[in-house]
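Okay, structure first, notes after.
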Amino acid sequence: MHLVIYALVEASTEDEALAAGKSVFRQLVGAEPQSGAVFDYFVAFDEEDTRVAGSARWGELPTAAPVDSDDGEDLLERGWEATKEEFERNLDRVKEAIEELSDEEIMRDEDLARHAFHKVGAYDGPTIFLYTEHGTGIRHRGQLDRLLEESEELWIVPADVHF
């Protein structure tokens, strides 16, 4: 499956931001030394030679945008809303499992209950859509707000990832 994730990186130019973003995405696909693969591969939105990923799949998105620009605010909102919606969806599944299933049924992963527990607790992967320049998933609003407040020149870089 495919989804769009976003790297939030410090940079002074679009090219710098794109390079830093690609470094984050390489880390998340296990291409950097001492990094584990979270996703199978990525396609950045500057790649024009693909007909099945990036802009071909998701439409035109900026290759990188300052977070405080209109494009940047739009990308940030998309990433945060996707993270929040996925968390809430999985949390509802967890609550339902706790109410309706026995401990043994949960242990057996009936109705994929344990899978939902795992997704709620995930630090990265397909339930997390925003990442820092260190490849750390942004899991809650306080973490995102702190990054936005502390950063001088923050850019957001989207990528199409497969998992």
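Of note:
- Farthest positive-ward along the chain dipole, Cα basis, beta-carbon charges - from Ala65, Leu91, Leu144: Leu91
- Overall, the chain carries a charge dipole of about 540 debye about its Cα centre when +1 sits on the Cβ of Lys and Arg and -1 on the Cβ of Asp and Glu, all other atoms neutral.
- The angle separating the long axis of helix 70-100 from the principal Cα axis of greatest extent in the chain is about 10 degrees.
- Dipole-positive endmost among Leu75, Val43, Ala113 within the chain (Cβ charges, Cα centre): Ala113
- Computed from backbone phi, the HN-Hα couplings of the stretch 148-163 come to 5, 6, 8, 8, 7, 10, 8, 10, 10, 10, x, 8, 8, 10, 10, 9 Hz, rounded to whole numbers (Karplus: 6.51 cos²θ - 1.76 cosθ + 1.60, θ = phi - 60°; Gly and Pro given as x).
- Once Rg and Dmax of the Cα atoms in Å is calculated for the structure shown, the corresponding label among (1) 30.1, 83; (2) 15.9, 46; (3) 16.9, 55 turns out to be (3).
FYI, it's all coordinate maths here, none of it is from the lab. Just so it is clear, the structure is predicted and the values come from calculations on it, not from any experiment. Cβ sites come from the backbone with ideal geometry, for glycine too, and all protein chains shown count toward neighbours.
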